[in-house]
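Beneath this line is the structure, given in C-alpha cells, with notes to follow.
The values are calculated or read from the model by the stated rules, or taken from the named source; none is laboratory data. Please read all numbers here as calculations on a predicted model, not as lab measurements. With ideal geometry, Cβ positions are generated from the backbone for all residues, glycine too; neighbour counts draw on all protein chains shown. Heavy atoms of the whole protein, side chains included, go into the accessibility calculation; ligands, DNA and RNA do not. Shrake-Rupley method; radii C 1.70, N 1.55, O 1.52, S 1.80 Å.
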Amino acid sequence: MHQAEVTEYDGCGKCLLGVRRLSRKSDTTHSPEKQAEQVIKASAEVGAHIIGWADDWEVSGATDPFKRPKLGPWLRGENGPYDGIAGAAVDRIGRNVRDVLNTAYTIHEKGQTLVTADHAGVWDLNDPNQESELLIKALGAQLEHRSTKRRVQDETARARNAGEPSNKLTYGYMYARLPNGKVDKICLHPEASKNIRNVARRILADTTGNVTISTECSRLTREGVLTPHDLLAVMSGREPKGSPWTYMTLRGILWSEAALGYLMHNGKPFLGKDGEPVRVAPPLWDRATRDALIKKATPKQGKKAGALYGRAAQGTKMLISVAYCGNCSERLKIGGEGKYICKARVMGLPGSQKCKPAPNMKTETLNGIVAEWFLTEYGSGQVLEKKFIPGTNYAAQISELEASRARLREDRKAGLYDAPDDQEWYRQEYKRMGEKLSDLKKRKETPGRMTFVPTGETVADKWRKAKDDAERREILHEFEVHVKLFPGRSRDRVKITGRNVYELAG
C-alpha cells in the first residue's frame, strides 16, 4: 500500500487522500501498483503529499463514491480532516457522469482539491474549459465502462483455462489480497462460512425432522443474516435489499461442489491435467458431509406435496407445530383474536367433523403454561451440543475419487479423449485412479460418530437467550415437547409431554 509514501496530516492545505479502485472483475489496465504510481506522481507535481489511501477492492465502478466502503467515509466527513483527493484518472473517481460531477463539486464546494493523473495540475471547476474537460472525461468513462464488460468476459475465459478462480465466489468465501491489491488466495469469509457451516451442522444433527432447509431459511431471515446477494452488495459498498433467504438459494449452497473448495465452471468442478477437480480454496466441509446433506434434505417418497420441502412453521408463534387439539389431534392455528384454536372442523378436515366445541386459549396464556412446565421439568439440566467427530475419512476420499473417475468416464463418452494422445492419457489416469481406489478400500475405516459436549449453560439459560418465540419453538422440538389442548376453562385441560434428550444422550 506504499506505506512509505504516507505522511501525517499537518494542515498545510496539501494533504491529499489517495484513491484507488478495482472492480470485482480482473482489470489489468488499472493495476493497484500502476494506480499508486500515478497518484503519487500527480500529487507531487502540485506540491501535495498523500496522508492515506482509500483502496476499494472488489468494488464496481457503478457504485456511488459516497457509498464505497473506503472512500465513502472520507467523503462523508467521518474519517478526519484532509485537503482533497488524488486519483489515477477520472474514471477511478466514478464511472458515470453523475457520480464524477457529484463528487467533484462536493469537493469543490468544500474548498478542497481534486487531482487526477490524467489532467495537468489541480482541477479548477471555476474555469469553463476545465469544467468542460471534466465533463468529457466523465462521459468517456461512462462509455468505456461498457467496453469493460467485454474485457471481463475475455479475462474469465483466460482464467478458467489457466485453472484460476474468476467471477464471484460462492457463499462462504472471499478473496484475500496482498497489500499491493493483488489477489493472493481465496479464503473463508469469517461470518458467512460460520453461518453456512452452522446450517449444515443443525440439519445433520437434527433427529426430529423439524430442522430442514426451509426452516433454516426462515431462521436466517428472522435473524437478519445477509443473503449471498446482500452480502456481496455490502462488501461492494452498496445498500442491501433485505431479501429473504429462499429454499433454492440455500439448497444450492449446501449441495454445490463449490463448497468443497473446487474451481467451478458451468456448475461443475473444473478438472486439472490429472483428471481430478482443481481445488482453489479450503473446503467448507468434505464430500461425505455434502453427500449426507443431500441425503438428509432430499424429499422422501410418498410425502404430501406440501411437505416435500420440509416447510417451516408459519410465523414466530411459539407453539405452532407443538400444540394440538385434544379432540381431533390436528395442529392448533392462530385465530383472529390472538388465540390458539382448532380450526380443523371448519376447514372440513377428515376425522374432525365432531370436534365441537373446538378448544382455544389465548396465546400468552398457553405460552406461559408451557414455558413454566418446560423450565420446571428441564430448566436445571445441562445443555449438551451435538458434534460430529470425524473418523479416518477414507470413505470421503473414496467417494471423491469415484466421483472424479465418473466424470472422466462421462467426458470420454462425450468424445473428449478420442485423439490418440488423449486416449493414452485417459488410460493412464483411469488406471491411476483405480489403483488408488483399490488401496483406499483395503484400509481399515474408523467411522465418524456423533458425540455430546457440555456447553456450560443450563437449559434455562438457553431458553432465556433465545432471540424470539420461533427459536424457543426449536428448543421445544428438540425435547420433543407435545402439547394437547382440550375444551374447557381450567389449566388442567392442557396436557404436556416431552423427554430429556440430554439424559438419553448421556
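Could you pull out the residue among ALA48, ALA89 that is under 23 Å from ILE136 (Cα atoms), open to solvent by 10 Å² or more (accessible area, probe 1.4 Å), at pLDDT 85 or above and among the small types (Gly, Ala, Ser)?
On the way: ALA48 fails: under 23 Å from ILE136 (Cα atoms).
Matching residue, one of ALA48, ALA89: ALA89.
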Scanning the range 199-214 for residues that are in contact (Cβ under 8 Å) with a residue 40 or more places away in the chain, part of a helix (DSSP H, G or I) and open to solvent by less than 50 Å² (accessible area, probe 1.4 Å) gives VAL199, ALA200, ILE203, ALA205, ILE213, SER214
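Among LYS34, LYS25, which is the only one that is touching an Asp or Glu at 6+ places or on another chain (Cβ under 7 Å), modelled with pLDDT under 90 and outside any strand (DSSP E or B)? Give the derivation first.
On the way: LYS34 fails: touching an Asp or Glu at 6+ places or on another chain (Cβ under 7 Å).
Step by step, each of LYS34, LYS25 is checked, and only LYS25 is touching an Asp or Glu at 6+ places or on another chain (Cβ under 7 Å), modelled with pLDDT under 90 and outside any strand (DSSP E or B).
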For LYS387, the lone unmet condition from (1) among the charged types (D, E, K, R); (2) under 30 Å from the mean Cα position of the chain (by Cα); (3) crowded, with 16+ Cβ neighbours inside 10 Å is (3)
Pairs returned, first residue in the range 431-452 that is open to solvent by 90 Å² or more (accessible area, probe 1.4 Å), second residue that is among the β-branched types (Val, Ile, Thr), beta-carbon separation under 6 angstrom, 6 or more apart or interchain, are ARG449/ILE389
Per the filter on the range 50-101, residues acidic (Asp, Glu), part of a loop (DSSP other than H, G, I, E, B) and within 29 Å of the chain's Cα centre (by Cα) are GLU58, ASP64, GLU78
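State all residues of the range 119-136 that are more than 19 Å from LYS14 (Cα to Cα) and either at pLDDT below 90 or surrounded by fewer than 19 Cβ atoms within 10 Å (Cβ to Cβ) (or both); if no residue qualifies, say none. Give the derivation first.
Taking the range 119-136 first, the residues more than 19 Å from LYS14 (Cα to Cα) are 126-136.
Matches in the range 119-136: ASN126, ASP127, PRO128, ASN129, GLN130, GLU131, SER132, GLU133, LEU135, ILE136.
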In the range 457-479, residues that are out of contact with any strand residue (DSSP E or B) (no Cβ under 8 Å at 6 or more places or on another chain) and closer than 30 Å to ALA288 by Cβ total 6
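Within the range 102-118, which residues are of a type outside the set (A, V, I, L, M), out of contact with any Pro (no Cβ under 6 Å at 6 or more places or on another chain) and outside any loop (DSSP other than H, G, I, E, B)? Before the answer, list the steps.
First, pick out the residues of the range 102-118 that are of a type outside the set (A, V, I, L, M): 102-103, 105-106, 108-113, 116, 118.
The next check asks that each one be out of contact with any Pro (no Cβ under 6 Å at 6 or more places or on another chain); those that pass are 102, 105-106, 108-113, 116, 118.
Within the range 102-118, ASN102, TYR105, THR106, HIS108, GLU109, THR113, THR116 qualify.
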Open item on the list: Residue under question is MET361, and the condition is that it be part of a helix (DSSP H, G or I), at pLDDT 85 or above and farther than 28 Å from LEU220 by Cβ; does it hold?
Closed with: no
Given the conditions (1) at pLDDT below 90; (2) open to solvent by 50 Å² or more (accessible area, probe 1.4 Å), every one holds for LYS14 apart from (1)
Of the residues in the range 283-295, those that are touching a Phe, Trp or Tyr at 6+ places or on another chain (Cβ under 9 Å), open to solvent by 40 Å² or more (accessible area, probe 1.4 Å) and in a loop (DSSP other than H, G, I, E, B) come to PRO283
Answer yes or no: is there a residue in the range 390-406 that is touching a Phe, Trp or Tyr at 6+ places or on another chain (Cβ under 9 Å) and open to solvent by 60 Å² or more (accessible area, probe 1.4 Å).
-> no
Exercise. Tell me, yes or no, whether the range 483-506 has at least one residue that is open to solvent by 50 Å² or more (accessible area, probe 1.4 Å), under 14 Å from THR207 (Cβ atoms) and of a type in the set (Phe, Trp, Tyr).
Key: no
Per the filter on the range 215-247, residues of a type in the set (A, V, I, L, M), part of a helix (DSSP H, G or I), in contact with a helix residue (DSSP H, G or I) (Cβ under 9 Å, 6 or more places away or on another chain) and over 20 Å from ASP469 (Cα atoms) are LEU231
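Got a number for residues in the range 96-106 being touching a strand residue (DSSP E or B) at 6+ places or on another chain (Cβ under 9 Å) and either open to solvent by 10 Å² or more (accessible area, probe 1.4 Å) or under 14 Å from LYS14 (Cα atoms) (or both)?
Initial filter on the range 96-106 (touching a strand residue (DSSP E or B) at 6+ places or on another chain (Cβ under 9 Å)): 103-104.
Subsequent filtering for residues that are either open to solvent by 10 Å² or more (accessible area, probe 1.4 Å) or under 14 Å from LYS14 (Cα atoms) (or both) retains none.
Qualifying residue count for the region: 0.
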